[in-house]
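Novice: So that we are looking at the same thing, I have put the structure below in structure tokens.
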Amino acid sequence: MEDRDALIFTLATIARRLRFNALLGEIARMACAILGALVLYQILAAAIAAPAVLEALETLLVFLLAGGIGFFALRGLRRVSLEEAAATADAHVHLKDELKTGYWFARQGKVSSLIDLQIRRAVLTAQRINLGAVFPIIVPRIAFAATGLAIAACLLSWIAPDFGHLQSPRDPSIATASASASGAAHQPQSSSRLAVASEQEAGVPERKLIPGMRTMEAAWAKLASAIHALGSGEEAKGMAGAVTSRDAERAAPTPEELGRRLDLAQAQSDARTAAASAPANPDLLARLRELFGAGGNVPPSMLEGGTGDEPTRKLDPAQKADDDMRASGANNPADHKLDEGTNPLQAAIALERFGPREARRSQGQGGEFEGTTDVEGGAMGRRVTQSNLGAGGKPSANEANFSNSMEGEQVLGAPTMRLAAQLKRVRIDGGNTQDGGTPGMADEAYAATRAQQAQLAYQATSQPARYVTENAPTAERIPLAYRGAVKEYFLDLNRNEK
Amino acid sequence: MNDATADVQVDSFQKKFRSIRAEIARVIVGNETVIEEVITCLLARGHGLIEGVPGTGKTKLIQTLADVLHLKFSRIQFTPDLMPGDIVGGNVLREGAQGEKVLEFQPGPVFANLILADEINRATPKTQSALLETMQENSVTIGKTTHALEQPVCVLATQNPIELEGTYPLPEAQLDRFFYKLKMEFPSAAALDEILERTTQLGEPDVQRVLGQGEILDMRDIARSIPVAKPVKDYAIRLTLATHPENKPCHDMVKRYVRYGSSPRGAQALLLGGKVHALMQNRVYVAGEDIRAAAFPALRHRMLLNYEGQAEGVDVDTIISAIIQSLPEPRK
């Protein structure tokens, strides 16, 4: 074997060793990237509840993983050239480019005694290199990181065992969670079946559930079971449809309505118990008939679901409070004490501005129902009614004017205030006269508050700049507030000259 | 020349080189790099300009080198009133044997193998220019006759960098003809102690003549025959071009402080100096390290600073170092 061939053979051996080490490194990097992406996905899946976001994330991760695998595969399969092998060996053994130059001469094929000598020396040097010591097979450090990530992925899967598995509401854990969360739900299995059936009817494929979604699914299952318990009315069907389609907007009033229905059912049950225990009380029966009859105070909406023959019904809390107040005579205008449960801020405003009588009336009329308060005595002596109609709220039975005899004037927009209340009162002292005699008259006036001044400040900035200093002697373009001072200054100058 | 012969010659070259260096080191304390570079100038068929403050041993170094080598040595003390004829010689009228009058050429001190041009910047530019032909073409033309100088010819000049009054800075054309510009450093405390020990005794150290004229010429041929790989040659070319401010891309310092970059002689000096440096390291190829080692003495006098560079006192070596750092290694 000639020296040139021997040099190339030795360099090829070095190149193979380098390529193997590079391949190890690339494999470790690829494993690190894949496991890192898996751990990241597990963390994000636990933190993000939206299925659409998760699906998009899955797709993105799949593409990223595919790209990463391709990238690392290309890097790992890249061949190490003999020049690179020679350069790497030179750098590792501090050969001062001996192998590189030798390989270059061997490749060029030039013939010279010194070139041959150089190649022979390069061959001897390359053969003296202990490949096992200079280029050992090294497990790259990133492999340890990949191992750590693998452990982390296993731990995350162990902590969240439902991850990655097909899961449906038929899962006993979810059913148990639904039952425990609903409390009053009587048929958890049936509710689960309802949810599953509704999903199947809607053609919704079985979805992968993640731990973060289980609470939401349990809430939906609770709603479904409660609606199922309502019966088969039109309203119940509508609510069931909203829950099945996961329409949160339509299903939002459902818990409130359910609570009201449950209270009504409880009241019916209590009334039946009371009627059964005290059948000989004619006054009570008469009172109940009066209340629940056609002319009673109980609104018809409260009687839905009932037969109309029940002797007693649960009264509206506001109405009950009103009745109690009437019975106790606490609505006496002379009594300035405010009721409990009223809006304390509005009560304080009314008490301070309009006196105890009006405050008493406003609180008594407005009541605590949905925070509606009627206040008499707005700006310019005008009666102002603050209504929740203008705010998009629903009308209530208690929303009326203070006299309860005429419909209150509806005012839209922000409430107005008296002009005097919007200003602050300031005292202006009288100025000194020229000869130091009697000072001028003091006066009191209304001025803007600091907040109003702050709102008006931007208007002043839009005005053009004024040249006060340059034009002070001519009194031109001097701000109005400074003109007096400027005039006095120049008058004093003239007096001193005299 | 087969491989064995080449190997022997390379080994012989290195031994001779070491012997010269060792003999000089018996007299000159420290400055090993300058000693090697002076020998490099001689073996690369170049000339050297040694710069250093007074008393650092510039002249002593060259005198010692002449003592070590069996070469014809001449010394020219450059003074302001020195004339070109005093250097190159001239025709003198002589009376022949039969009483006839003939013009006979009287060679000047440049007709030697090793020429010491001491304090070269003290002579006028006209006198300095008398060396131009000698340094470049190794010949002297007087009248219509060109006299070739006997090989080897090596001009080693000295100059003082701080005492500038009454001096004439060398023109660029002459500076460029110097293969290397060497800086004689002030000795360290230990070196100074050794200098005092050697020079304040009764006798001074003697040196032996180790090499003759033929051996020097052989060493020159061996140095020239060292092969250079193309990437290394490209590296030398890139290094030379990087000294030019108009070259793109060039280093910021070059663009800011350099007026003119190195001439092609700079690239020649890089490669030849690299070859001798490689042989000194017992290598028969030139590596990037050899080019870098030759870069400082070969380029520092070939880069002209602009006004800003002179005003800020920028050291050319700093610029060369920045260029080397910014330049990628030779690619194979």
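Novice: Counting each DSSP H run of 4 or more residues in chain B as -39500 (n - 2.57), what helix-only mean residue ellipticity at 222 nm follows after dividing by all residues, to the nearest 500 deg cm²/dmol?
Specialist: -13500 deg cm²/dmol
Novice: Report, by chain and number, residues whose modeled amide H sits under 5 Å from the one on residue B:260, excluding near sequence neighbours (fewer than 5 apart, same chain).
Specialist: Under 5 Å from the amide H of residue B:260: B:304.
Novice: Compute the Rg to Rh ratio over the range B:1-225 from the alpha carbon atoms, using the Kirkwood formula for Rh, and round to two decimal places.
Specialist: Answer for the range B:1-225: 1.01.
Novice: A follow-up question, please. How far apart, in nm, are the 7 Å Cα→Cβ label points at residue B:224 and residue A:234?
Specialist: 11.5 nm
Novice: Could you sort out which of B:15/B:60; B:183/B:233; A:96/B:181; A:100/B:248; B:181/B:230; A:110/B:255 sit more than 32 Å apart by Cα distance in this structure?
Specialist: As for pairs spanning more than 32 Å Cα to Cα, those are A:110/B:255.
Novice: Remind me, what semi-axes does the range A:1-124 give for its equivalent ellipsoid, largest first in whole Å, using sqrt of 5 times each Cα gyration tensor eigenvalue?
Specialist: On the way: eigenvalues 491, 27, 18 Å².
Square roots of five times the eigenvalues give 50, 12, 9 Å.
Novice: Separate question: Provide A:158, A:220, A:104 in ascending order of the number of other Cβ atoms located within 10 Å of each residue's Cβ, fewest first.
Specialist: A:158, A:220, A:104
Novice: Counting other C-beta atoms within 10 Å, which of B:228, A:139 has the fewest, and how do the rest follow? Write down the numbers at each step before the final one.
Specialist: Values: B:228 20, A:139 12.
Neighbour counts put them in this order, fewest first: A:139, B:228.
Novice: What is the set of long-range amide H partners of residue B:47 at a cut-off below 5 Å, with H atoms built 1.01 Å from backbone N?
Specialist: Amide H neighbours of residue B:47, under 5 Å, 5+ apart: B:179, B:180.
Novice: Please give the contour-minus-distance gain from residue B:129 to residue B:97: 0.36 nm per residue of separation, less the Cα-Cα distance, rounded to one decimal in nm.
Specialist: On the way: separation 32, 0.36 × 32 = 11.52 nm, distance 3.64 nm.
Taking residue B:129 through residue B:97 to full extension adds about 7.9 nm, to one decimal.
Novice: So what's the gap between the Cα centers of the range B:39-100 and the range B:248-288, to the nearest angstrom?
Specialist: When both Cα centres are located, 28 Å separates them.
Novice: Per-residue HN-Hα couplings for the range A:81-92, Karplus 6.51 cos²θ - 1.76 cosθ + 1.60 at θ = phi - 60°, whole Hz, x for Gly and Pro?
Specialist: Here the 3J(HN,Hα) series is 6, 5, 5, 5, 4, 5, 5, 5, 5, 4, 5, 6 Hz.
Novice: Using R₀ = 56 Å, calculate the FRET efficiency as 1/(1 + (r/R₀)^6) where r is the Cβ-Cβ separation of residue A:490 and residue B:256; round to 0.05. Present the calculation step by step, with values, prior to reporting the outcome.
Specialist: Values: r = 61 Å, r/R0 = 1.09.
Step by step, r from the Cβ atoms, then E = 0.40.
Novice: Which order results if B:144, B:16, B:275, B:248 are arranged by neighbouring Cβ count within 10 Å, fewest first?
Specialist: Fewest to most other Cβ atoms nearby, the residues stand as B:144, B:248, B:16, B:275.
Every number here is computed from the coordinates shown, using simple stated rules; none is lab data. All of these numbers come straight from a predicted model, not from anything done at the bench. Methodologically, a virtual Cβ is constructed for each residue, glycine included, from the backbone with ideal geometry; neighbour enumeration extends over all protein chains shown.
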